[in-house]
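Take a look at the structure set out below.
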Amino acid sequence: MDGTSLTNDQVTKLQAFMDKVGALDPTYNTQGFLCFEKIFAIAPEALQLYPFKDDSGDEYKSKLSKHASGLFRTLHKGIKGWGTKENDEFFTQLGSRHVGYSVIVPHFEIVGMAIVETLQDLMKAKFSPELQDVWKTYYTIIVDKMQKGNYY
């Protein structure tokens, strides 16, 4: 990592914020679907990376739902377990799995942009510029953990 870190106060704010995000839809389907719509709008070719790329209708929605809601559950879990060895190991292993899915480093930037846009749409003024900066730092740190030992 490049020296980027979060203070205890920032972690506490992100934990409270993610609790509010989760309260919108505890299944995270709403948050996830919106985020993936944004990912595919930013980079339509990204759909080709997903196992549901050739599906349609209910099968597509079901598989997308599982993956999309998992993204936000992971983000919430990550901030809830912040600072633990298990959390660091989880993100490193998650990065390793993503290598197997043919995810490359620039894809993380696209997902990061989509997450921020999703949070802006869902949380409006509650996603203040200060909180956006803290969020971006959090995302940078977890991406660094995912890439550690997995990407060049």
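The values are calculated or read from the model by the stated rules, or taken from the named source; none is laboratory data. Fair warning: this is a prediction, and the values are worked out from it, not measured in the lab. As a convention, Cβ positions derive from the backbone with ideal geometry for all residues, glycine included, and neighbour counts pool all protein chains shown. We work out accessible area using only protein heavy atoms, side chains counted, and drop any ligands, DNA or RNA first. Shrake-Rupley method; radii C 1.70, N 1.55, O 1.52, S 1.80 Å.
Summary table
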quantity	calculated
Cα gyration tensor shape of segment 12-100, rounded if a/c is under 1.5, else prolate or oblate by comparing a/b with b/c	oblate
Inter-probe distance in nm under a simple model that places probes 7 Å from Cα toward Cβ, at Ile104 and Thr12	4.3
Per-peptide average of other Cβ atoms within 10 Å, ordering 111-122, 127-138 highest first	111-122, 127-138
Amide N of segment 132-152 lying under 11 Å from the label point, which is placed 7 angstrom from the Cα of Thr74 along Cα→Cβ	143, 146-147
Highest-first arrangement of 29-36, 63-70, where packing means the average Cβ count within 10 Å	29-36, 63-70
The chain, helix-only ellipticity at 222 nm - DSSP H runs n ≥ 4, -39,500 (n - 2.57), divided by all residues, nearest 500	-24500 deg cm²/dmol
Matching label, Kirkwood radius over Cα pairs in Å computed from the structure shown, candidates (1) 16.7; (2) 19.0; (3) 16.0	(3)
Prolate/oblate/rounded call for segment 74-152, Cα gyration tensor, a/c under 1.5 rounded	oblate
Environment charge at Gly81 (Cβ cut-off 13 Å; Lys +1, Arg +1, Asp -1, Glu -1)	+2
Solvent exposure ordering (accessible area, 1.4 Å, most first) of Phe17, Phe90	Phe90, Phe17
Heavy-atom accessible surface of segment 1-140: percent carbon and sulfur, 1.4 Å	54
Heavy-atom surface of the chain, accessible at 1.4 Å and reported per residue (Å²)	55
Semi-axis lengths, Å, segment 3-50, gyration tensor of Cα atoms, sqrt of 5 times eigenvalues	27, 17, 7
